[in-house]
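Notes follow once the structure below has been shown.
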Amino acid sequence: MAWLKKPTWRLALCYLGILVLIYFSEPTWVSLGVGLVFIATGQLLRVWAAGHLVKNKRLTTTGPYAYVKNPLYVGAITIVIGFCIVGMPPWNLRLSAGDPRLILYLVFIAAFFLYYMPRKMKIEGDRLRAIYGDDYTRYEKSVPDMVPRLTPYRSGDPWRWTWKQTVDNSEHGTIMSLCLGLALILLRTWLRSNDVL
């Protein structure tokens with residue numbers, strides 16, 4: 001139930017990206033409001049998904065998994081977009097190669113969609129196919145990876161969302177991390193506005 005993840009080079013890069021975002025952040029009241037909507041929406045999706053996910057014990061096809069195969073990733077992407085809007089409002093970016101915020105946006109998009117997602121989906125798909133066989137193959141063919149279907153996939157699984165399952169999947173740690181990230185962006189902004197940094 002530990003909320004800290006095992007250190008990896010990918011996690012280190014993620015934290016480095018967060019620190020760079022915090023350092024270069026220039027939020028406005030509008031960017032804070034718009035970004036918080038994205039962050040809250042992404043986190044609610046992740047809480048909903050984590051409350052249904054029972055790893056390696058049953059094929060999860062209920063809750064948001066009935067609409068999209070990767071709701072935790074969709075939620076994470078939505079959260080990252082929210083943080084980028086909070087800290088680096090797209091309407092304030094200077095469209096030049098010298099703007100580190102624009103480079104951050106482009107690096108994130110390229111790394112996530114060209115490397116991380118294809119690799120992760122292949123690894124997870126192969127693992128789930130090996131564990132669940134035809135059940136996963138049917139699910140895989142019926143449910144899209146990232147863009148939700150309009151009607152739920154019906155597997156007949158009666159599983160219901162629980163907060164206990166959400167905690168067992170350490171999603172409360174994500175909530176704490178989001179609060180810490182927002183607090184650091186606001187602290188950085190306050191320190192900059194008071195000429196401390």
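The values are calculated or read from the model by the stated rules, or taken from the named source; none is laboratory data. Treat the numbers as computed from the prediction; the structure is a model and nothing was measured. Virtual Cβ from ideal backbone geometry, glycine too; neighbours counted across all protein chains shown.
Residue 25 fulfils the conditions (1) modelled with pLDDT under 90; (2) polar (S, T, N, Q); (3) closer than 30 Å to residue 149 by Cα; (4) buried (at least 16 other Cβ atoms within 10 Å of the Cβ) except for a single criterion, (3).
Considered as a group, the residues in the range 162-197 that are crowded, with 17+ Cβ neighbours inside 10 Å and not polar (S, T, N, Q) include one that is nearest to residue 89 (Cα to Cα), and that residue is 185.
For residue 159, the conditions (1) surrounded by 17 or more Cβ atoms within 10 Å (Cβ to Cβ); (2) aromatic (Phe, Trp, Tyr); (3) without any contact (Cβ under 8 Å) to a residue 40 or more places away in the chain are fulfilled apart from (3). Scanning the range 136-150 for residues that are touching a helix residue (DSSP H, G or I) at 6+ places or on another chain (Cβ under 9 Å), touching a residue at least 24 places away in the same chain (Cβ under 8 Å) and of a type outside the set (A, V, I, L, M, F, W, C) yields 136, 139, 140, 145, 148, 149. Just for the range 101-119: of the residues that are closer than 18 Å to residue 26 by Cβ and not hydrophobic (A, V, I, L, M, F, W, C), which one is surrounded by the most Cβ atoms within 10 Å (Cβ to Cβ)? The selected residue is 101.
Just to be sure, is residue 195 modelled with pLDDT under 90 and either charged (D, E, K, R) or assigned to a loop (DSSP other than H, G, I, E, B) (or both)? Answer is yes for this residue. Only residues that are more than 17 Å from residue 68 (Cβ to Cβ) and charged (D, E, K, R): list them for the range 150-169, please. Hits for the range 150-169 are 160, 164, 168.
Specify which of the listed residues (54, 37, 20, 80) is out of contact with any Leu (no Cβ under 8 Å at 6 or more places or on another chain), surrounded by fewer than 18 Cβ atoms within 10 Å (Cβ to Cβ) and assigned to a helix (DSSP H, G or I). Sole residue among the options that is out of contact with any Leu (no Cβ under 8 Å at 6 or more places or on another chain), surrounded by fewer than 18 Cβ atoms within 10 Å (Cβ to Cβ) and assigned to a helix (DSSP H, G or I): 37. Within the range 151-180, the set of residues being touching a helix residue (DSSP H, G or I) at 6+ places or on another chain (Cβ under 7 Å), of a type in the set (A, V, I, L, M, F, W, C) and in a helix (DSSP H, G or I) comprises 175, 178. Out of all the residues in the range 124-146, is one or more surrounded by fewer than 12 Cβ atoms within 10 Å (Cβ to Cβ), out of contact with any His (no Cβ under 8 Å at 6 or more places or on another chain) and of a type in the set (Val, Ile, Thr)? The answer is no; no qualifying residue exists.
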